[in-house]
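The values are calculated or read from the model by the stated rules, or taken from the named source; none is laboratory data. Note that this is a predicted model, so its numbers are computed, not measured. No Cβ is skipped: glycine too gets one built from the backbone with ideal geometry, and neighbour counts run over all protein chains shown.
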Amino acid sequence: MRAAGDAYEQRACAELERAGLKLLARNYSTRHGELDLVMREGDTVVFVEVRYRKSASHGDAAASVTTSKQARLILAAQHWLAAHPQHARRACRFDVVSYDGAADAIHRDWLRGAFEAG
C-alpha cells in the first residue's frame with residue numbers, strides 16, 4: 001500500500017505544481033506524524049495530506065482525515081515551521097487531496113482549507 005500512497009502523493013504534487021504551488025518539502029517526518037507535502041501558494045504555506053481509497057465501504061478518502069489525524073498533522077506542521085523559521089510568520093492552511101475509486105475511474109478532490117489549527 002505504501003507504493004500506491006507514494007504514487008498518489010507524486011500525482012498530487014504534480015497537479016498542485018501545475019496549479020501554481022511550489023514544493024517546499026515532501027514526507028516530512030516528526031514523532032507526531034508525517035506531512036505528505038509542504039507547499040507554498042503565494043505567501044501561504046500549505047500543508048497537504050494526500051489520501052487514497054479504492055473502496056468507499058469505510059467512507060471516502062477525505063473522511064479518513066479524522067480529528068485525531070488532524071491534530072497530529074497540526075503538531076507536525078508546528079514542528080516544520082519551528083525548523084524553518086523563514087516561513088514561521090506566513091499564513092498557513094491545511095489542504096486534503098483525496099483520490100477515490102479504482103485506478104481506471106479515479107475521482108480527485110482538492111479540499112482547500114480542509115481544517116484549521118485551533
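Values computed for the structure shown
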{"item": "Filter result (touching an Asp or Glu at 6+ places or on another chain (Cβ under 9 Å), hydrophobic (A, V, I, L, M, F, W, C) and modelled with pLDDT of 75 or more) within the range 52-73", "result": "V65, L73"}
{"item": "Yes/no for L73 being within 18 Å of G5 (Cα to Cα), in a helix (DSSP H, G or I) and touching a strand residue (DSSP E or B) at 6+ places or on another chain (Cβ under 7 Å)", "result": "yes"}
{"item": "The range 1-55: number of residues that are hydrophobic (A, V, I, L, M, F, W, C) and more than 19 Å from Q78 (Cβ to Cβ)", "result": "12"}
{"item": "Test: residue in the range 4-19 that is at pLDDT 95 or above, surrounded by fewer than 18 Cβ atoms within 10 Å (Cβ to Cβ) and assigned to a strand (DSSP E or B)", "result": "no"}
{"item": "Members of the range 20-51 found to be over 13 Å from the mean Cα position of the chain (by Cα), surrounded by 14 or more Cβ atoms within 10 Å (Cβ to Cβ) and modelled with pLDDT under 95, listed by number", "result": "T30, H32"}
